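First up is the structure itself, then whatever we jot down about it.
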Amino acid sequence: MQYESRNIEQKWQARWARERVYRTDGDPKKEKYYVLVEFPYPSGNGLHVGHARPYTAMDVVARRRRMQGFDVLFPMGWDAFGLPTENYAIANKIHPAEVTRRNIAFFKSQIDMMGYSFDWDREVNTTDPGYYRWTQWIFLKLLEHGLAYKARMPVNWCTSCKCVLANEEVVDGVCERCGSEVVRREKSQWMLKITAYAQRLLDDLDLVEYPERVKAQQRNWIGRSEGADVDFATTAGETLRVYTTRPDTLFGATYMVVSPEYPYVEAWRDKLENYGEVAAYRAAAARKSDFERTELQKEKTGVRLLGVDAVNPATGGVIPVFVSDYVLMSYGTGAIMAVPGHDERDWDFARAFGLPIVEVVAGGDVQTAAFTDVETGTLVNSGFLNGLEVRQAKAAMIEWLAGKGLGRAVTNYKLRDWVFSRQRYWGEPIPVLHCPACGAVPVPETELPLLLPEVASYEPTDTGESPLSKMRDWVDAVCPRCGGPAERETDTMPQWAGSSWYFLRYIDPKNGTAAVDGALARRYMPVDWYNGGMEHTTLHLLYSRFWHKFLYDIGVVETPEPYARRTSHGMILGEGGEKMSKSRGNVVSPNEIVDQYGADTMRLYILFIGDFEKAASWSPQAVKGCRRFLERVWGLLDRAAPGAVSPAHEAEIHRTIRKVGEDIEHLKFNTAIAALMALVNRFYETGVTRGDLRVLLTLLAPFAPHICEEMWEQLGYKGFVVREPWPAFDPAKTVEDEVEIAVQVGGKLRATVVIPTGAADEDVLAAALAEPRIRKTLDGRRVVRHIYVKDKLINLIAGK
């Protein structure tokens, strides 16, 4: 009987859907298990192999958990707002809503084609008003609690997308979405105060099971540091406050630098002898991205503020003040004290402008190069700090500054508040009105959702305003507080808004009176296992942890963290190890693989391709190998003899049950499949019973469910194999009766012998000496002693 994969797969997909096999049963007697994959942006290109790898892996986990008796929640939905859809719509003259509808339909058909066990009753779509009503509600709660605010500030502006980007969306100086240049502009933006949660976001990493590299990235991005705020008086009368992690080096500060956006620069306009030069430099800096400005290898530029100097509070000496683009307003205070003796950038700048360089931590020649190995060391040229170690000197300087009223100890974070405005159409409307009398007024909760209006043109504007700003019928409104005229906020939320809480809506997707029912949230949260890409570590993963903590604080949820366990997967590369791309012509379509080989082959191969957590290259030959394996599995139908598990296979079957289960838990899907392949080979070598085959099908079902269902039915078994209990193994039966050990002579491998597991020393020696190759090697020499490593090897030491 031929293995007709496509007919088999369509048959079982239809039956699973008809009988709602993968519906979350909600049985309170069962322990819950929440499995989550990152929901996709539904692109026009549909599902690609990059989606298939994590989806298949987590599908295996979800299927095994069901077989283990858990109440499994394994949902899917669509992260459909954002720039990609809008850009596609603009290019093709199709409304974003229509683009989204078409793309979701195509994407969903591909997901079904792969046989994934998602519970489609839980489907969510971030562009559905019934969904974004609650995204808007969360924003209003953030506003109510002082965690949403509007501020005028320098922002990252994508010259192609024509909208503001969060710091996390700028990679190497370009837009992470489109790759275009990012420049600085000053705009009024909605901000979310994620910095209020910085310490908790750090501390609570200890509560979760994340890969260490994920935790490290989050810790580095949050960037906690301990230091001091130090006040420098100026000849203009104002005080320049700097934050430094090295207050011990204050005696070595020979100049100061402020960012081009620093507010005092404009305030000092009348005092500056070279204001024109300063203004020109500021304008040039505004055209650069933060990456360009802070690139270590770039030439250091700047302009001295002629007419205003600062006073070093430690030395009392007057020092010059410069404006330079390597200092960012968004980090620290926007002003720095420069210690060129011990900082490379400061040293380069000092050399370029002929500024003094003073050694304050002994150990290097600072006139030749900055001496930066100063985590430890002894202070010199530093007055009352001389002779102190660095750690002592930090504490002493902070105490001295505090006593003089010139500074204080401070804990700081690199993390900046989240820029939450986007000047685009396709996003959640921000539910705020601007009233001349009342200021920013929230839209009443009873009027949510504030619907995204239909527009004639949704193309971005060159002015930096949202396309919604042109819709006066929608913009003009009545203030709900005073009844006077008001205008709606025309910026929209970023794509990250809807994905910051979607895992909660899956629990209760149809609720019209709350974002999520409290009892259901208590039942299913936290997510037990969440798999996603490393690229989202400082974006979605951080943002969603922040929102969840806020919802925890206001009583919506009862767990401080949304995800108990997070894992990440490696990228699928094209043949030859190159990244897949249309331009290279090496993109692999899952549809083509399924059409040619079947979904089960695709599922097996995508997990057999290599270490799940590392990048792997696509191999057409290996795909064919997985298909041949399934054909061999299918062939066992005609070979299966009546009977239970055969004694000859019992030990190997129990070892395979243990191996496959452990490997799934540790993301070792490739070795789990290899163990199943070895078991099938054994069945072909020594025969197979129906009992043997039954166990094989239950183990293989999470990986290749369609073929297993069909064979289960062909064997006459009732129900669905995917609902069968996961087989248990007996540890006593996993011990091999025999083991092959190495036989060495003088430390060199000469042969192997098979011995009973746990054999006595003298029996092993006798078996080794009986081996013909060992007798030939010894050539009559007597064995004077031997070393035996139990069940591993025996080394014979022969006399001359």
Original post:
Of the labelled options (1) -0.71, -0.85; (2) -0.55, -0.71; (3) -0.41, -0.55, which one gives log10 I(q)/I(0) by the Debye sum over Cα atoms at q = 0.06, 0.07 Å⁻¹ as computed for this structure?
Top reply: (2)
**OP:** With the full set of protein chains in place, find how many percent of the accessible area of the chain is carbon and sulfur; take the probe as 1.4 Å.
**Re:** 50
Subject >> Förster radius 60 Å - calculated FRET efficiency between residue 732 and residue 571 (Cβ-Cβ, nearest 0.05) >> reply: 0.90
Original post:
Cα axis of helix 275-286 to longest principal axis of the chain: angle in degrees, 0 to 90, nearest 10?
Top reply: 20
Subject >> At R0 = 22 Å, FRET efficiency that the Cβ-Cβ distance of residue 781 and residue 742 yields, to 0.05 >> reply: 0.65
**OP:** At 1.4 Å probe size, with every protein chain present, just tell me what the per residue accessible area of the stretch 664-728 comes to in Å².
**Re:** 33
Subject >> Only Lys, Arg (+1) and Asp, Glu (-1) charged, at Cβ; the chain dipole about Cα centre in debye >> reply: 1460
Original post:
Straight-line reach from residue 748: which lysines have a Cα under 26 Å away, not including same-chain ones fewer than 8 places off?
Top reply: 776, 790, 792, 800
Original post:
Taking the Cα atoms only, what angle lies between the long axis of helix 212-222 and the longest principal axis of the chain, rounded to 10 degrees?
Top reply: 10
**OP:** State the extension gain, in nm to one decimal, for the chain segment bounded by residue 628 and residue 514, taking 0.36 nm per residue of separation less the distance between their alpha-carbons.
**Re:** 35.9 nm
Subject >> Net length gained if the chain between residue 98 and residue 11 were fully extended (0.36 nm per residue, minus Cα distance) >> reply: 28.2 nm
Subject >> Spatially proximal aspartates and glutamates relative to residue 271 (Cα-Cα < 13 Å; intrachain offsets below 8 disregarded) >> reply: 238, 309
Original post:
What is the distance in Å between the Cα centres of the stretch 367-400 and the stretch 593-630?
Top reply: 59
Subject >> Residues of the stretch 497-520 with amide N under 19 Å of a point placed 7 Å along Cα→Cβ from residue 196 >> reply: 497, 500-501
Original post:
What relative contact order, as a whole-number percentage, does the chain give when Cα pairs under 8 Å and 6 or more residues apart are counted?
Top reply: 14
Subject >> Note, ³J(HN,Hα) from phi for the stretch 251-261, Karplus 6.51, -1.76, 1.60, rounded to Hz, x at Gly and Pro >> reply: 5, x, 6, 10, 6, 10, 9, 10, 6, x, 8
Original post:
Which FRET efficiency value, to the nearest 0.05, is calculated for residue 266 and residue 25 with the Förster distance at 60 angstrom and r the Cβ-Cβ distance?
Top reply: 0.40
Original post:
Based solely on its DSSP helices, what 222 nm [θ] is calculated for the chain when runs of n ≥ 4 H residues each add -39,500 (n - 2.57) and the sum is averaged over all residues, nearest 500 deg cm²/dmol?
Top reply: -10500 deg cm²/dmol
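The values are calculated or read from the model by the stated rules, or taken from the named source; none is laboratory data. In this text, all values refer to a predicted model and were calculated from it rather than measured experimentally. No Cβ is skipped: glycine too gets one built from the backbone with ideal geometry, and neighbour counts run over all protein chains shown. Each accessible area value is taken on the protein alone, full model and side chains, heavy atoms only, with ligands, DNA and RNA left out. Shrake-Rupley method; radii C 1.70, N 1.55, O 1.52, S 1.80 Å.
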